[in-house]
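I have placed the structure first, in the form of C-alpha coordinates, so that the comments after it can refer back to it.
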Amino acid sequence: MRTFGKIVLWLLIIIAVLVIIAYLLPRQYKVERSITIGADKTLVYDLTCSLKKWDLWAPWTKNFDTTALFELSGNDCEVGTIWKWNGTLIGDGELIVTEAVPGTLFAYDLSFEEGKYQSKGSFVYDEINDSVLIIWSDQGDLGFNPFNRYMGLFMDRMMGPDFEKGLANLKEVAEERHGWPPITETYTEDQIVLLIRDSAGPETYGQVMGKGYGELMKFIKMRRLEAKEHPFAIYVSWDTVTQFAVFDMGIAVAYAVGGKGRIRAEEIPGQKVVMADYFGSYDQTASVYKALDKYIAQGGLEIIGNPWEIYVTDPMVEPDTAKWNTQILFPVK
(Lines give C-alpha, C1' and ligand atoms only; values in the text may rest on other atoms or scores of the structure.)
Protein backbone atom coordinates (compact mmCIF):
# COMPACT_ATOMS: atom_id res chain seq x y z
CA MET A 1 0.00 0.00 0.00
CA ARG A 2 2.90 2.34 0.77
CA THR A 3 4.22 1.82 -2.76
CA PHE A 4 0.82 2.57 -4.27
CA GLY A 5 0.52 5.66 -2.12
CA LYS A 6 3.91 6.90 -3.26
CA ILE A 7 2.92 6.37 -6.90
CA VAL A 8 -0.26 8.35 -6.41
CA LEU A 9 1.65 11.09 -4.61
CA TRP A 10 4.23 11.36 -7.38
CA LEU A 11 1.48 11.42 -10.00
CA LEU A 12 -0.21 14.27 -8.16
CA ILE A 13 3.08 16.13 -7.90
CA ILE A 14 3.76 15.65 -11.64
CA ILE A 15 0.26 16.82 -12.52
CA ALA A 16 0.63 19.84 -10.25
CA VAL A 17 3.96 20.72 -11.83
CA LEU A 18 2.52 20.38 -15.33
CA VAL A 19 -0.41 22.60 -14.38
CA ILE A 20 1.91 25.22 -12.89
CA ILE A 21 4.09 25.12 -16.03
CA ALA A 22 0.96 25.44 -18.17
CA TYR A 23 0.00 28.69 -16.43
CA LEU A 24 3.49 30.01 -17.01
CA LEU A 25 3.05 29.51 -20.74
CA PRO A 26 1.67 32.37 -22.92
CA ARG A 27 -2.09 32.74 -22.82
CA GLN A 28 -2.13 34.31 -26.29
CA TYR A 29 -0.90 32.79 -29.53
CA LYS A 30 -0.30 34.27 -32.96
CA VAL A 31 0.44 32.58 -36.29
CA GLU A 32 1.69 34.85 -39.06
CA ARG A 33 3.00 34.35 -42.58
CA SER A 34 3.66 36.75 -45.44
CA ILE A 35 4.48 36.74 -49.12
CA THR A 36 5.22 39.30 -51.84
CA ILE A 37 2.95 39.15 -54.88
CA GLY A 38 3.71 40.80 -58.21
CA ALA A 39 0.20 42.09 -58.84
CA ASP A 40 -2.04 45.08 -58.28
CA LYS A 41 -3.13 45.59 -54.66
CA THR A 42 -6.78 45.91 -55.70
CA LEU A 43 -6.63 42.49 -57.36
CA VAL A 44 -4.97 40.83 -54.35
CA TYR A 45 -7.51 42.41 -51.99
CA ASP A 46 -10.41 41.22 -54.16
CA LEU A 47 -9.13 37.63 -54.14
CA THR A 48 -8.94 37.61 -50.33
CA CYS A 49 -11.96 39.68 -49.32
CA SER A 50 -14.32 37.75 -51.61
CA LEU A 51 -15.00 34.53 -49.70
CA LYS A 52 -16.36 32.96 -52.90
CA LYS A 53 -12.87 33.29 -54.37
CA TRP A 54 -11.15 31.47 -51.50
CA ASP A 55 -11.82 28.30 -53.50
CA LEU A 56 -9.13 29.52 -55.92
CA TRP A 57 -6.31 29.51 -53.37
CA ALA A 58 -7.24 28.66 -49.77
CA PRO A 59 -6.00 25.29 -48.45
CA TRP A 60 -9.29 24.33 -46.74
CA THR A 61 -11.84 24.08 -49.52
CA LYS A 62 -13.98 21.51 -51.33
CA ASN A 63 -10.87 20.16 -53.06
CA PHE A 64 -9.34 19.34 -49.67
CA ASP A 65 -12.49 17.84 -48.15
CA THR A 66 -14.97 16.56 -50.73
CA THR A 67 -17.53 15.85 -47.97
CA ALA A 68 -17.63 19.49 -46.90
CA LEU A 69 -20.78 21.56 -47.25
CA PHE A 70 -20.40 25.35 -47.40
CA GLU A 71 -22.96 28.08 -46.80
CA LEU A 72 -22.30 31.74 -47.59
CA SER A 73 -24.61 34.57 -46.56
CA GLY A 74 -24.00 38.25 -47.19
CA ASN A 75 -22.21 40.23 -49.87
CA ASP A 76 -18.63 40.06 -51.10
CA CYS A 77 -16.12 42.05 -49.06
CA GLU A 78 -18.71 43.42 -46.65
CA VAL A 79 -18.70 43.42 -42.85
CA GLY A 80 -21.19 40.90 -41.49
CA THR A 81 -20.81 38.35 -44.27
CA ILE A 82 -20.87 34.83 -42.80
CA TRP A 83 -19.27 31.68 -44.19
CA LYS A 84 -20.15 28.35 -42.56
CA TRP A 85 -18.87 24.85 -43.30
CA ASN A 86 -19.11 21.28 -42.11
CA GLY A 87 -16.99 18.37 -43.32
CA THR A 88 -15.30 15.15 -42.26
CA LEU A 89 -11.77 16.57 -42.47
CA ILE A 90 -12.29 20.27 -41.81
CA GLY A 91 -14.97 19.82 -39.14
CA ASP A 92 -17.56 22.50 -38.53
CA GLY A 93 -16.77 26.19 -38.36
CA GLU A 94 -17.81 29.73 -39.07
CA LEU A 95 -16.08 32.84 -40.38
CA ILE A 96 -17.60 36.31 -39.88
CA VAL A 97 -16.16 39.37 -41.63
CA THR A 98 -15.48 42.11 -39.04
CA GLU A 99 -13.47 44.71 -40.99
CA ALA A 100 -13.06 45.43 -44.69
CA VAL A 101 -10.92 48.40 -45.69
CA PRO A 102 -10.19 48.05 -49.44
CA GLY A 103 -6.51 47.52 -50.13
CA THR A 104 -5.58 47.95 -46.46
CA LEU A 105 -7.19 45.43 -44.10
CA PHE A 106 -9.54 42.47 -44.22
CA ALA A 107 -10.34 40.93 -40.82
CA TYR A 108 -12.61 38.18 -39.56
CA ASP A 109 -13.67 36.21 -36.49
CA LEU A 110 -13.15 32.46 -36.76
CA SER A 111 -14.75 29.71 -34.66
CA PHE A 112 -14.81 25.90 -34.65
CA GLU A 113 -16.98 23.25 -33.02
CA GLU A 114 -19.92 25.59 -32.45
CA GLY A 115 -17.82 28.31 -30.90
CA LYS A 116 -15.68 26.13 -28.64
CA TYR A 117 -12.48 27.38 -30.29
CA GLN A 118 -12.31 31.01 -31.38
CA SER A 119 -9.70 33.25 -32.94
CA LYS A 120 -9.29 36.41 -35.01
CA GLY A 121 -7.74 36.42 -38.46
CA SER A 122 -6.67 39.18 -40.82
CA PHE A 123 -4.94 40.13 -44.05
CA VAL A 124 -2.86 43.28 -44.16
CA TYR A 125 -1.68 44.70 -47.50
CA ASP A 126 1.37 46.88 -48.11
CA GLU A 127 2.19 48.15 -51.59
CA ILE A 128 5.90 47.93 -52.44
CA ASN A 129 6.79 49.35 -55.86
CA ASP A 130 4.87 47.16 -58.35
CA SER A 131 4.19 44.39 -55.82
CA VAL A 132 2.09 43.76 -52.72
CA LEU A 133 3.33 42.42 -49.40
CA ILE A 134 0.43 40.55 -47.83
CA ILE A 135 0.51 39.39 -44.20
CA TRP A 136 -1.92 36.67 -43.09
CA SER A 137 -2.30 36.15 -39.37
CA ASP A 138 -4.46 34.32 -36.85
CA GLN A 139 -4.43 34.95 -33.12
CA GLY A 140 -6.41 33.77 -30.15
CA ASP A 141 -6.80 33.51 -26.40
CA LEU A 142 -6.07 30.06 -24.94
CA GLY A 143 -7.95 30.78 -21.72
CA PHE A 144 -7.27 28.96 -18.42
CA ASN A 145 -7.43 25.40 -19.71
CA PRO A 146 -3.93 23.91 -19.10
CA PHE A 147 -4.27 21.60 -22.11
CA ASN A 148 -5.01 24.56 -24.38
CA ARG A 149 -1.93 26.35 -23.05
CA TYR A 150 0.24 23.42 -24.15
CA MET A 151 -1.56 23.29 -27.51
CA GLY A 152 -0.57 26.91 -27.98
CA LEU A 153 3.04 25.77 -28.31
CA PHE A 154 2.11 23.87 -31.49
CA MET A 155 -0.26 26.36 -33.15
CA ASP A 156 2.41 27.86 -35.38
CA ARG A 157 3.59 24.41 -36.42
CA MET A 158 0.02 23.27 -37.14
CA MET A 159 -1.34 26.33 -38.94
CA GLY A 160 1.81 27.83 -40.43
CA PRO A 161 2.27 25.31 -43.27
CA ASP A 162 -1.34 25.81 -44.38
CA PHE A 163 -0.87 29.58 -44.38
CA GLU A 164 2.27 29.17 -46.48
CA LYS A 165 0.47 26.89 -48.94
CA GLY A 166 -2.50 29.24 -49.20
CA LEU A 167 -0.31 32.29 -49.79
CA ALA A 168 1.71 30.45 -52.45
CA ASN A 169 -1.54 29.54 -54.22
CA LEU A 170 -2.74 33.14 -53.90
CA LYS A 171 0.50 34.41 -55.44
CA GLU A 172 0.13 32.06 -58.41
CA VAL A 173 -3.50 33.02 -59.05
CA ALA A 174 -2.96 36.76 -58.57
CA GLU A 175 0.14 37.00 -60.74
CA GLU A 176 -1.58 35.12 -63.56
CA ARG A 177 -4.63 37.39 -63.35
CA HIS A 178 -2.42 40.45 -63.21
CA GLY A 179 -1.80 39.91 -66.93
CA TRP A 180 -5.51 39.70 -67.71
CA PRO A 181 -7.71 42.65 -68.64
CA PRO A 182 -10.11 43.71 -65.84
CA ILE A 183 -12.91 41.13 -65.62
CA THR A 184 -16.26 41.78 -63.98
CA GLU A 185 -19.41 39.82 -63.21
CA THR A 186 -22.51 41.87 -63.91
CA TYR A 187 -26.09 41.72 -65.20
CA THR A 188 -27.46 43.03 -68.47
CA GLU A 189 -30.92 44.55 -68.80
CA ASP A 190 -33.79 43.31 -70.97
CA GLN A 191 -33.22 44.45 -74.55
CA ILE A 192 -35.16 44.77 -77.77
CA VAL A 193 -32.70 44.24 -80.60
CA LEU A 194 -32.57 44.19 -84.37
CA LEU A 195 -30.40 41.38 -85.74
CA ILE A 196 -28.90 40.23 -89.03
CA ARG A 197 -27.27 36.81 -89.25
CA ASP A 198 -24.31 36.39 -91.57
CA SER A 199 -20.93 34.67 -91.77
CA ALA A 200 -17.37 35.63 -92.66
CA GLY A 201 -13.73 34.62 -92.54
CA PRO A 202 -10.56 36.58 -91.74
CA GLU A 203 -10.50 38.31 -95.13
CA THR A 204 -14.15 39.34 -95.20
CA TYR A 205 -15.09 40.39 -91.64
CA GLY A 206 -14.80 44.11 -92.31
CA GLN A 207 -16.81 43.96 -95.51
CA VAL A 208 -19.58 41.75 -94.15
CA MET A 209 -19.96 43.69 -90.89
CA GLY A 210 -19.83 47.07 -92.63
CA LYS A 211 -22.67 46.00 -94.90
CA GLY A 212 -24.71 44.48 -92.07
CA TYR A 213 -24.52 47.44 -89.71
CA GLY A 214 -25.24 49.76 -92.63
CA GLU A 215 -28.48 47.85 -93.31
CA LEU A 216 -29.45 48.00 -89.64
CA MET A 217 -28.87 51.76 -89.37
CA LYS A 218 -30.79 52.40 -92.60
CA PHE A 219 -33.71 50.34 -91.25
CA ILE A 220 -33.65 52.25 -87.95
CA LYS A 221 -33.63 55.58 -89.76
CA MET A 222 -36.45 54.62 -92.14
CA ARG A 223 -38.64 53.36 -89.29
CA ARG A 224 -37.72 56.36 -87.13
CA LEU A 225 -36.57 54.11 -84.33
CA GLU A 226 -34.29 55.05 -81.46
CA ALA A 227 -30.96 53.23 -81.39
CA LYS A 228 -29.58 52.46 -77.92
CA GLU A 229 -26.10 51.64 -76.70
CA HIS A 230 -23.41 50.36 -79.09
CA PRO A 231 -23.55 47.88 -82.00
CA PHE A 232 -22.70 44.31 -81.07
CA ALA A 233 -22.20 40.84 -82.49
CA ILE A 234 -23.26 37.50 -81.00
CA TYR A 235 -21.02 34.71 -82.23
CA VAL A 236 -23.15 31.65 -82.97
CA SER A 237 -20.25 29.45 -84.10
CA TRP A 238 -16.50 29.79 -84.54
CA ASP A 239 -13.93 27.60 -86.27
CA THR A 240 -10.63 27.91 -84.38
CA VAL A 241 -8.64 26.61 -87.37
CA THR A 242 -10.09 28.64 -90.26
CA GLN A 243 -11.38 31.51 -88.04
CA PHE A 244 -14.62 31.35 -89.98
CA ALA A 245 -17.62 32.46 -87.92
CA VAL A 246 -21.39 32.65 -88.04
CA PHE A 247 -22.69 35.63 -86.08
CA ASP A 248 -25.65 37.92 -85.43
CA MET A 249 -24.94 41.60 -85.92
CA GLY A 250 -27.20 43.67 -83.71
CA ILE A 251 -28.27 47.06 -82.45
CA ALA A 252 -30.54 47.60 -79.44
CA VAL A 253 -33.55 49.87 -79.96
CA ALA A 254 -36.15 51.45 -77.71
CA TYR A 255 -38.91 49.46 -79.43
CA ALA A 256 -39.52 47.50 -82.63
CA VAL A 257 -42.67 46.05 -84.14
CA GLY A 258 -40.85 43.70 -86.49
CA GLY A 259 -38.12 43.37 -89.06
CA LYS A 260 -37.87 43.23 -92.80
CA GLY A 261 -36.02 40.90 -95.14
CA ARG A 262 -33.06 39.46 -93.28
CA ILE A 263 -33.52 41.92 -90.40
CA ARG A 264 -35.37 40.39 -87.46
CA ALA A 265 -36.48 41.85 -84.13
CA GLU A 266 -36.03 39.92 -80.88
CA GLU A 267 -36.36 40.47 -77.16
CA ILE A 268 -33.31 39.34 -75.19
CA PRO A 269 -33.93 39.01 -71.44
CA GLY A 270 -31.45 40.35 -68.91
CA GLN A 271 -28.80 37.87 -67.90
CA LYS A 272 -25.73 37.40 -65.74
CA VAL A 273 -22.50 37.86 -67.70
CA VAL A 274 -18.76 37.77 -67.23
CA MET A 275 -17.23 40.67 -69.14
CA ALA A 276 -13.82 42.09 -70.05
CA ASP A 277 -12.83 45.34 -71.74
CA TYR A 278 -10.32 44.91 -74.54
CA PHE A 279 -8.38 47.68 -76.28
CA GLY A 280 -6.79 46.93 -79.63
CA SER A 281 -7.46 45.64 -83.13
CA TYR A 282 -10.21 43.09 -83.60
CA ASP A 283 -7.85 40.30 -84.70
CA GLN A 284 -5.98 40.20 -81.37
CA THR A 285 -8.79 39.24 -78.99
CA ALA A 286 -7.78 35.59 -78.47
CA SER A 287 -5.96 36.26 -75.20
CA VAL A 288 -9.07 37.91 -73.76
CA TYR A 289 -11.24 34.92 -74.64
CA LYS A 290 -8.70 32.61 -72.97
CA ALA A 291 -8.69 34.74 -69.83
CA LEU A 292 -12.50 34.75 -69.70
CA ASP A 293 -12.62 30.97 -70.21
CA LYS A 294 -10.20 30.42 -67.33
CA TYR A 295 -11.97 32.92 -65.07
CA ILE A 296 -15.30 31.17 -65.65
CA ALA A 297 -13.82 27.70 -65.05
CA GLN A 298 -11.98 28.75 -61.89
CA GLY A 299 -15.06 30.44 -60.51
CA GLY A 300 -17.24 27.37 -60.94
CA LEU A 301 -19.51 29.21 -63.38
CA GLU A 302 -21.22 27.68 -66.42
CA ILE A 303 -21.46 29.30 -69.87
CA ILE A 304 -25.12 29.29 -70.96
CA GLY A 305 -25.01 31.26 -74.20
CA ASN A 306 -22.92 32.47 -77.09
CA PRO A 307 -20.21 35.13 -76.58
CA TRP A 308 -20.90 38.77 -77.37
CA GLU A 309 -18.65 41.52 -78.65
CA ILE A 310 -19.86 45.07 -78.02
CA TYR A 311 -18.09 47.62 -80.20
CA VAL A 312 -17.79 50.67 -77.96
CA THR A 313 -15.43 52.54 -80.31
CA ASP A 314 -16.44 53.41 -83.87
CA PRO A 315 -13.44 52.51 -86.07
CA MET A 316 -14.69 54.97 -88.69
CA VAL A 317 -14.18 57.79 -86.17
CA GLU A 318 -11.06 56.57 -84.30
CA PRO A 319 -8.19 55.55 -86.63
CA ASP A 320 -5.86 54.41 -83.81
CA THR A 321 -6.54 50.68 -83.31
CA ALA A 322 -4.89 50.78 -79.86
CA LYS A 323 -7.84 52.90 -78.70
CA TRP A 324 -10.55 50.61 -80.05
CA ASN A 325 -12.58 49.43 -77.04
CA THR A 326 -14.43 46.12 -77.39
CA GLN A 327 -16.40 44.62 -74.52
CA ILE A 328 -16.33 40.82 -74.67
CA LEU A 329 -18.81 38.90 -72.55
CA PHE A 330 -20.19 35.43 -71.88
CA PRO A 331 -23.65 34.73 -70.42
CA VAL A 332 -23.18 32.51 -67.34
CA LYS A 333 -24.96 31.00 -64.39
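Just a few scattered comments:
- Residue that is surrounded by the fewest Cβ atoms within 10 Å (Cβ to Cβ), among those in the range 200-223 that are farther than 13 Å from VAL253 by Cβ and of a type in the set (D, E, K, R): GLU203
- Residues in the range 22-38 that are touching a Leu at 6+ places or on another chain (Cβ under 9 Å) and modelled with pLDDT of 90 or more: ARG33, SER34, ILE35, THR36, ILE37.
- If you go through the range 209-228 and keep only what is charged (D, E, K, R) and farther than 15 Å from GLU266 by Cβ, you end up with LYS211, GLU215, LYS218, LYS221, ARG223, ARG224, GLU226.
- Criterion violated by GLN118 - all others in (1) at pLDDT below 90; (2) crowded, with 18+ Cβ neighbours inside 10 Å; (3) not aliphatic (A, V, I, L, M) satisfied: (2)
- Any hit, the range 176-193, residues being farther than 27 Å from ALA276 by Cα, at pLDDT 95 or above and surrounded by 15 or more Cβ atoms within 10 Å (Cβ to Cβ): no
- With respect to (1) out of contact with any Lys or Arg (no Cβ under 7 Å at 6 or more places or on another chain); (2) at pLDDT 90 or above; (3) among the hydrophobic types (A, V, I, L, M, F, W, C), the lone exception for ILE90 is condition (2).
- Qualifying residue in the range 91-98 (condition: touching a Cys at 6+ places or on another chain (Cβ under 9 Å), surrounded by 18 or more Cβ atoms within 10 Å (Cβ to Cβ) and in contact (Cβ under 8 Å) with a residue 12 or more places away in the chain): yes
- Among residues of the range 302-326 being within 12 Å of ILE234 (Cα to Cα) and not in a loop (DSSP other than H, G, I, E, B), the one that is farthest from the chain's Cα centre (by Cα) is TYR311.
- Within the range 304-329, residues that are in contact (Cβ under 8 Å) with a residue 12 or more places away in the chain and in the same structural domain as VAL246 (by TED's automatic domain parsing) have Cβ atoms under 6 Å from residues that are polar (S, T, N, Q) and part of a loop (DSSP other than H, G, I, E, B) in these pairs: THR321/SER281; TRP324/THR313; ASN325/THR313, counting only partners at least 6 apart in sequence or on another chain.
- Verdict on THR67 being assigned by TED's automatic domain parsing to the domain that holds LEU110 and exposed (fewer than 15 other Cβ atoms within 10 Å of the Cβ): yes
- Residues located in the range 274-301, provided they are among the polar types (S, T, N, Q) and closer than 19 Å to ASP239 by Cα: GLN284, THR285, SER287
- Test: residue in the range 221-232 that is within 18 Å of GLN327 (Cα to Cα), hydrophobic (A, V, I, L, M, F, W, C) and at pLDDT 95 or above: yes
- Top-ranked residue of the range 262-294 - restricted to ones that are part of a helix (DSSP H, G or I) and hydroxyl-bearing (Ser, Thr, Tyr), ranked as nearest to PHE244 (Cα to Cα): TYR282
- Subset of the range 202-257 (residues that are free of Cβ contacts under 8 Å to residues at least 12 places away in the same chain, among the acidic types (Asp, Glu) and closer than 25 Å to ILE304 by Cβ): ASP239
- THR285 passes every criterion in (1) out of contact with any Asp or Glu (no Cβ under 8 Å at 6 or more places or on another chain); (2) surrounded by 15 or more Cβ atoms within 10 Å (Cβ to Cβ) apart from (1).
This table checks each residue for (1) within 18 Å of SER122 (Cβ to Cβ); (2) more than 15 Å from the chain's Cα centre (by Cα).
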| position | (1), (2) |
| --- | --- |
| GLY38 | no, yes |
| VAL44 | yes, no |
| THR48 | yes, no |
| TRP60 | yes, yes |
| LEU72 | no, no |
| LYS84 | no, yes |
| LEU89 | no, yes |
| ASP92 | no, yes |
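- Tally, over the range 297-308, of residues that are surrounded by 14 or more Cβ atoms within 10 Å (Cβ to Cβ) and either of a type outside the set (Val, Ile, Thr) or modelled with pLDDT under 95 (or both): 7
The values are calculated or read from the model by the stated rules, or taken from the named source; none is laboratory data. Remember, predicted model here, so these are calculated numbers, not experimental data. Positions of Cβ are generated from backbone atoms using ideal geometry, with glycine treated the same way; all protein chains shown enter the neighbour counts.
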